[in-house]
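Just so it is clear, none of the values below were taken in a lab; they were calculated from the coordinates. None of the values given here were measured: they were computed from a predicted structure. Here the Cβ is made from the backbone with ideal geometry for all residues, glycine too, and neighbour counts use every protein chain on show.
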Amino acid sequence: MPEPTGEPALSFAAFVLSLASTAAIHFGDLPDPVSGGRTEPNLDGAAQMIEILTLLEQKTRGNLTAEERQLLEQVLYELRLRFVEASGSGKRIIEP
């Protein structure tokens, strides 16, 4: 059994936000926690984090509180939107 560190126990919300932060680092939106510098976008790494969160959503379906489910859905929505933006295909459905 791990020794208590005085830190609060890891919650589902903290876990989801940790994965989302890792995706943000892959997008280059947050600095790398080790180096402190921003890295070049790594879309493969970001996509992998989105896939992990999607898997988590599928495997926990029906077992989350309303708040946990809403957080996970919102995080996935925002990360998917960010991925499309970062991919920068430049294509638009409607051209101005």
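A few points about this structure:
- ³J(HN,Hα) computed for each position of region 50-60 - Karplus, 6.51 cos²θ - 1.76 cosθ + 1.60, integer Hz, glycine/proline x: 5, 5, 5, 5, 5, 4, 4, 4, 5, 6, 9
- Phi to ³J(HN,Hα) by Karplus 6.51 cos²θ - 1.76 cosθ + 1.60 over region 24-34, Hz, x for Gly, Pro: 4, 5, 5, 6, x, 7, 10, x, 5, x, 7
- For region 2-87, the list of trypsin sites (Lys or Arg not before Pro) that fall in a loop by DSSP and count at most 11 other C-beta atoms within 10 angstrom reads 61.
- Other-chain or far-sequence residues with amide H under 5 Å of residue 38's (modelled H): 32
- Computed log₁₀ I(q)/I(0) - Debye formula, equal Cα scatterers, no solvent, region 1-82, q 0.23, 0.26 Å⁻¹: -1.06, -1.18
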